[in-house]
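**Q** Below you will find the structure I want to go over with you.
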Amino acid sequence: MKVKLFSFSVLLCIAISFPFFLGAQSESKTVCLNWEKNFPKIDSKLYLEISGLELILSPPSVATMRSRRPGELVPVIHGSYKTESNKEVLIEFPYEPADPDECSFNCKEQSRALRTNRNPEEVFDSCFKSCRDNTSFKFGKDKFKLHLKFKIYRDESDTLRIDSVSYKDLNPVTGKLAYSFPHYFAGDLVECANSIWD
């Protein structure tokens with residue numbers, strides 16, 4: 001009886017909150033579509049999707065971004081935005097990846113998929129160490145500070161697009177690869193996001 005009552009309560013909460021969620025989602029979509037008409041002016045919080053990333057722009061100047069793709073560990077990062085010469089929106093983020101080659105995610109997947117008698121923890125530890133050693137070998141270091149810059153603009157066909165302006169390590173080790181942000185934008189579409197997160 002208690003289980004049925006609990007289940008009913010949960011369903012009731014979902015039923016009550018669902019229309020509010022849909023209303024909020026619809027409202028954010030309307031705000032976004034209006035922004036496309038009034039670009040680049042930003043009067044309300046915008047929820048955008050760009051090539052697998054979610055981007056929120058909150059007046060007067062706050063920007064927030066995170067990855068939507070499973071396995072990509074771009075965390076929630078906070079930065080700022082400004083309207084430039086009434087033609088584009090410039091967005092900037094400081095970015096210091098804790099796991100630049102996503103060793104943790106990739107090694108977890110590898111240890112799960114393993115079909116041998118080896119201990120999954122040992123497989124993970126060995127994979128992780130090898131992956132981090134490879135990061136250090138490729139880049140000559142394993143700590144990075146990037147100053148990400150992107151610009152959103154309207155192209156000649158009136159479509160909103162984004163370009164990467166700055167996305168690489170500004171202090172690479174001589175003779176090694178320069179670490180870069182895992183997403184490179186070259187005219188990627190800027191679309192209204194379907195989900196809401198804060």
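**Q** Quick one: grab the alpha carbon gyration tensor of segment 109-177, order the square roots of its eigenvalues as a ≥ b ≥ c, and give me rounded if a/c is under 1.5, else prolate or oblate depending on whether a/b is larger than b/c.
**A** oblate
**Q** In segment 121-158, what GluC sites (Glu not before Pro) fall in a loop by DSSP, with at most 14 other Cβ atoms inside 10 Å? Walk me through the numbers before you get to the answer.
**A** Numbers: sites: GLU121, GLU122, GLU156; in loops: GLU156.
Loop-located and lightly packed - GLU156.
**Q** Accessible area per residue, 1.4 Å probe, Å², for segment 45-119: what's the number?
**A** That works out to 54 Å² per residue.
**Q** Sticking with this structure for a sec: Under unit Cβ charges (Lys, Arg +1; Asp, Glu -1), what dipole magnitude, rounded to 20 debye, does segment 71-135 have relative to its Cα centre?
**A** Once rounded to the nearest 20, the dipole reads 240 debye.
**Q** Given a cut-off of 28 Å, name the pairs among LYS41/LYS149; LYS108/LYS138; LYS82/LYS168; LYS129/LYS168; LYS82/LYS176 whose C-alpha atoms lie farther apart than that in the structure shown. Mind showing how you got there, number by number?
**A** Working: LYS41/LYS149 19 Å; LYS108/LYS138 22 Å; LYS82/LYS168 21 Å; LYS129/LYS168 24 Å; LYS82/LYS176 34 Å.
Violating the 28 Å Cα-Cα cut-off are LYS82/LYS176.
**Q** Carbon and sulfur together cover what percent of the accessible area of segment 37-104 at a 1.4 Å probe radius?
**A** Carbon and sulfur: 47 percent of the exposed surface of segment 37-104.
The values are calculated or read from the model by the stated rules, or taken from the named source; none is laboratory data. Because the structure is predicted, anything quoted here is derived from the model rather than measured. As a convention, Cβ positions derive from the backbone with ideal geometry for all residues, glycine included, and neighbour counts pool all protein chains shown. Surface accessibility is based on the protein's heavy atoms, side chains included, excluding ligands, DNA and RNA. Shrake-Rupley method; radii C 1.70, N 1.55, O 1.52, S 1.80 Å.
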